Structures are given as structure tokens and as C-alpha cells.
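Peer 1: Here it is, the structure in full.
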């Protein structure tokens, strides 16, 4: 606990130093980034201690509400994830913030320190009042970081984020107030020991699920992500996408398993969460495929991965309701491991996108190309992130998605009726998501880094400064370690999941990963890594050994007799041509069915059109009316301030008359 408090103190001091020295941008940047880096190291140590050690609590008396803190395994996981991202973001910022000269770097460091500290406090506080205070502080500080550019896109994205965040905040507040009214206390400790009536527990869970769902960015409450994340500085985007939206997942797990832990769970809680996750995963990656802005593409992939995490959480809730503790632990293990993994590879990808923006001044992939040679470190790190998010073994994304598959399979095999159907649907959606994700990142990496440069900015790009490269390399190494080193990580994470699920410590397989208690399936990522490396380097070595040793010259590419130009790049269509030829029988069957039954094609088109329409229904029904009301109120208020002092005198006279009448009436 002491390390955690030290990290908060250092963040606070760093924020103040950056603000007070903001007139000297270089000084403000150095002080703010240095303090943030030190604070993140203390927080990482405290987070790891909370995962593996006993639950720590402390309470300080306050005039209104006691300031209660609790570090348990769930809090430890989230604090560690956010702090690792914060460390990389601060190191990255030592050079990246130079791109924001004249825009208040010191003020940005002030808000960024407060933003990270407020996220840590939201995770650790054990009281309704302080939870809501820090939740609001987290939303406000991140809002100011989104609008730092002060252009139309950033202001619009920031406003959308502000409205959506506060709709979720209201729902969360109502949920907590209902629980407080039943217990007569604002302390989370009282919630944990109270058995809420089934109806009240369900209302509280659904309100919290939807409220935290706004913060997490699940469909259909996701439209702020592709607007706000690209507008923020790239290291802030990494924190928001990799860290802040995980507060939404944290809240769902905390309410479901912790605060309502003494209540009787309902099976349909897990079904609802799983269905939201399935739809979010597929629609998120489908929308990403259409994007040419690299940061908007990554923002939509956050929607996809939040969906994958929710699949695991849904399985855990189903296992909890079905009184199957092993299934509950497996689902939580899948969801939490993917939460960690997504934070690492999405943080890496946003830093990579920021490096591309720093070097070229554009986020438009269509005018890039050829950056692999100009920016080799960035290209390698972005490739690792792309492979990880595409769940390519043996990287970390593969491992957590494997757990998710096994959780869905286990739930389907042990459940009955609707559970079998829903879990099978979730597994199919996850498979479609994986295929689309690979396609999307073949496009993203290939168009951005491979081929020839398609513009002067791409041709003249240079590698980014050392601090930015170091930050990317750190996250890339973590992605590799969490994949190959999964047998070292999974046992500790399994025990943490067991504690969160309210179960005694369970025995996990050592050296391999027990991923399905029904079929006892195991997989070893170190062995998988060795086999994959051998599959690449053994043929290469054989070819090298058979070569004559002469000097080989790379021939010019053949372009049908024309001189190769930048207008002839390798595109996603070309990459998919061989796959299409290989699966020709399946494509022929699809075409044959479509020709025999044109209604199938029309139905598919109808579903596609519906998907595009439904993307923003949350905005139309919830956000737009509130935004219009706020705008109308603001316009009405502006009319009251006409600037004429005579009108103001009339206001005073009217107010005095009203108060006089009220006084006489009371007397």
C-alpha cells in the first residue's frame, strides 16, 4: 500500500511542477515526464504485490466520507496494466511531446499525471463517494487531453466523449445509490456482505453493466472511440485505449463478482454480457476494415477486443450462476488475460501509429508505404503488435483468445439449452473476428510499411528519436514474453481469477496450461515458438547451404513490360488472391447457393445495411437528445447576457421584488 500511495504523491507533485513551469515548455515536459515515469514504477511494484500477495486495506478519516483504499488481485491487475502503459507513454513523451510545442506541453503533462493517478484511484478506492469523484476526475482530465489540438475534429470528438462518459456515469451512480440505500452505507465493504433481493441485484447489475459499457466502448455505445482516440496525442491514445476503457471491464467484474458477490447470480447476466461481447467483437473489426486513418482503425479494434474480453467475462458469469467454479475461473482467466494482452499490443500499436504520424505528419495509410526501410524499429514493433492483435502464435493475443475459445467450448459442453446456443454463437463470432482481424492488419501493415513510398512525406520519413523507440521496444518485448512465457504468467493469473470468483486457490498445470477441464487440453507456447522458428529457419538454412555462394542481385520487379512505379503496390486483394484460389470449392458452393436462392444475398445485404445503421443508435436515442438540450440551454442562457447594464438592473429589481413577495408570504 505504501508504494501505491508514494506513486500517487509523485504523480501529484509532477502534475503541479509541470503546471507551475508550463511557461518553459521544455522544463515542464522534463519535470512532468520524469515524475510520471517514477510514479509508474512505484505503481507497477504495488500492482504486482497486490496480484500475488494478501488483500491490503487502509482507511483515513475525512469530514464527509472515509477515504478507503483496497488493493486486491483485481485491482492489482488493472493498476499493473495501466502503470506499464503509463511508463511507456511517459518515456515516449520525452520526444513525442516536442511535436506539440506552442500548445502547452506543461499543461498536457499536468493533465496526464492527474489522468493516470485518477485511474489508479478509481481502481483502488473502496467507497462510493470517492469512486465517483475519481471517476469524474478521470473523465475530465482525459477530455482535456482529447481537445488539446483545439481543432474541429478534436473538439467534436471531445464533446462526444464528454456526453457519453457522463451518461455512463449517471447509470453507475444510480446503481451504487440503490445498493447504498439497501445497505445504509456508502462503503463497498457493506455491499460485499449484503444479500440483495434478486430483482434489486439484477437492476443494479444491468445499470452498472450499461454504465461501465459506455466507458469500455462496447457496441452500441462505442461511437466516441473513433472520434476521441485519434484526436488525442498518440501516447494518450495508448493510455485511453489500452488502459482507460479497461476501467469499464473492471467495473463490470467488480460489481458482478465483488459487490454483488453475496447475492444469488442470475444466469441471464452472463448471457447478456456474452451477446454484447459477440456483437461488439464482429462489428468492431468490420468497421475497422473500412478505415484508412490508422488511428481510427486502431480505435475500432479496441471495440473488437473489448468484445472478446466480454466473451470471457460472460462465460465466467455463466459459470458462477451455474455453480461451476472451474468454469467461472476459466472465463475470468480468459477475460483478464486478454485485458492484459490487449493493453500491451494496443498500446504498442498506438505508439507505432504515433511514430508514423511524428515522422510523416499524416495518419492516412493510402499516402504512406515504404516505411519499413526508413523506420526499421517502428516497422518491427508495429509488426509484432499486428501479429499479436491478430492472435498469431506464439504471441500473447493467441494465448488469451485460446483461453476464450476453451471457455466457450467448456460452457457449451457442460450447459444445456440456451447456454449451448449462446456459447456456440460466441465461438463462431470469435472465429469470424479472428479472420477479419488478420485481413485488417495485413492491410494496415502492408499499406503503411511495405511496397514503395506513395508520397513525398513517406519517401522523406526518418526513424523517430530514441525515447520513442525504447517505449515501443518495451511493449513489444512484453507482448512476446506474455505469449512465450505464458506458462509462467498463467498460474499466478489463475489464482487471482480464483480469488476474484470467490473460490479457494485451485491447482493449475505447471509447465503447460490447463485450458479446458472437460477435455483436459493443454498447449505449451515455448514449444510452439521453437517449432515455428524451426519451420522458418531450417528451410532457410538448407537453401543457404545449397547456394553457390556467389553474389546475387535482386532483380527488378516485373510489371508487364512497364517500369515499376509507386502506383503498383501490393494490396489486400493481391494478398487474398491465393487464398481465394485455394478455397475455390467453397466459393463456388457459395455462388451456387446464391444463384439458386437470390433471397440469401438480399438477406445478407439487409443485415449489412442494418449493421451500419445500428452503429450509432446509442447516439440517436441517448446522446443526441441530451446534447441538443444542453445546446438549447446554452443558447437561452446567452440571451440573458446581452451586455446592456440597464437590462442587468432590471434583473436585480425583478429578483428583489420576487424575494420580497416570498418573504411577505412566509411571514
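The values are calculated or read from the model by the stated rules, or taken from the named source; none is laboratory data. Small disclaimer: the values here were computed from a predicted structure and weren't measured. A quick note on method: Cβ atoms are made from the backbone with ideal geometry, for glycine too, and the neighbour counts reach across all protein chains shown.
Peer 1: Looking at the stretch 370-408, which of its residues are more than 25 Å from the chain's Cα centre (by Cα) and more than 20 Å from residue 476 (Cα to Cα)?
Peer 2: Of everything in the stretch 370-408, just one residue is more than 25 Å from the chain's Cα centre (by Cα) and more than 20 Å from residue 476 (Cα to Cα), namely 370.
Peer 1: Mind listing whichever residues of the stretch 205-220 are surrounded by 24 or more Cβ atoms within 10 Å (Cβ to Cβ) and part of a helix (DSSP H, G or I)?
Peer 2: 205, 208, 209, 211, 212, 213, 214, 215, 216
Peer 1: Right, here's the next one. Can you spot a residue in the stretch 131-148 that is surrounded by fewer than 18 Cβ atoms within 10 Å (Cβ to Cβ) and free of Cβ contacts under 8 Å to residues at least 12 places away in the same chain?
Peer 2: yes
Peer 1: Does the stretch 341-364 hold any residues that are surrounded by fewer than 24 Cβ atoms within 10 Å (Cβ to Cβ), under 22 Å from the mean Cα position of the chain (by Cα) and part of a helix (DSSP H, G or I), and which are they?
Peer 2: Residue satisfying the conditions is 357 alone.
Peer 1: Does at least one position in the stretch 626-633 carry a residue that is in a helix (DSSP H, G or I), at pLDDT 70 or above, closer than 30 Å to residue 225 by Cβ and in contact with a helix residue (DSSP H, G or I) (Cβ under 7 Å, 6 or more places away or on another chain)?
Peer 2: Yes: one or more hits.
Peer 1: If you don't mind, another one. Cβ-Cβ below 6 Å, separation at least six or inter-chain, first residue in the stretch 190-202 and without any contact (Cβ under 8 Å) to a residue 12 or more places away in the chain and not assigned by TED's automatic domain parsing to the domain that holds residue 126, second surrounded by 15 or more Cβ atoms within 10 Å (Cβ to Cβ) and assigned to a helix (DSSP H, G or I): which pairs?
Peer 2: 190/183
Peer 1: Does residue 400 count as free of Cβ contacts under 8 Å to residues at least 60 places away in the same chain and part of a helix (DSSP H, G or I)?
Peer 2: Taking the combined requirement at face value, the residue does not satisfy it.
Peer 1: Considering every residue within the stretch 239-259, establish whether at least one is within 30 Å of residue 117 (Cβ to Cβ) and assigned to a loop (DSSP other than H, G, I, E, B).
Peer 2: no
Peer 1: Moving on to the next point. Would it be correct to say that residue 365 is touching a helix residue (DSSP H, G or I) at 6+ places or on another chain (Cβ under 7 Å), under 28 Å from residue 484 (Cβ atoms) and in the same structural domain as residue 494 (by TED's automatic domain parsing)?
Peer 2: When the stated conditions are applied, residue 365 does not pass them.
Peer 1: While we're on this one: Would you confirm whether any residue within the stretch 262-269 is part of a helix (DSSP H, G or I), under 26 Å from residue 113 (Cα atoms) and outside the structural domain of residue 437 (by TED's automatic domain parsing)?
Peer 2: Scanning the stretch 262-269, I find no residue that is part of a helix (DSSP H, G or I), under 26 Å from residue 113 (Cα atoms) and outside the structural domain of residue 437 (by TED's automatic domain parsing), so the answer is no.
Peer 1: A further question follows. Suppose the filter is more than 15 Å from the chain's Cα centre (by Cα) and part of a helix (DSSP H, G or I); does residue 329 pass it?
Peer 2: When the stated conditions are applied, residue 329 passes them.
Peer 1: Would you say residue 46 is touching a helix residue (DSSP H, G or I) at 6+ places or on another chain (Cβ under 8 Å), touching a residue at least 60 places away in the same chain (Cβ under 8 Å) and farther than 22 Å from residue 252 by Cα?
Peer 2: Answer is no for this residue.
Peer 1: Can you list the helices (runs of 4 or more DSSP H) found entirely within the stretch 418-511 that contain at least 1 residues being buried (at least 19 other Cβ atoms within 10 Å of the Cβ) and in contact with a strand residue (DSSP E or B) (Cβ under 7 Å, 6 or more places away or on another chain)?
Peer 2: In the stretch 418-511, 486-500 are the helices (runs of 4 or more DSSP H) which contain 1 or more residues that are buried (at least 19 other Cβ atoms within 10 Å of the Cβ) and in contact with a strand residue (DSSP E or B) (Cβ under 7 Å, 6 or more places away or on another chain).
Peer 1: Filter the stretch 365-406 down to residues that are buried (at least 24 other Cβ atoms within 10 Å of the Cβ) and touching a strand residue (DSSP E or B) at 6+ places or on another chain (Cβ under 8 Å) and give me whichever is farthest from residue 310 (Cα to Cα).
Peer 2: Taking the candidates together, the pick is 399.
Peer 1: Restricting attention to the stretch 65-82, which residues are at pLDDT 90 or above and outside any strand (DSSP E or B)?
Peer 2: Hits for the stretch 65-82 are 72, 73, 74, 75, 76, 77, 78, 79, 80, 81, 82.
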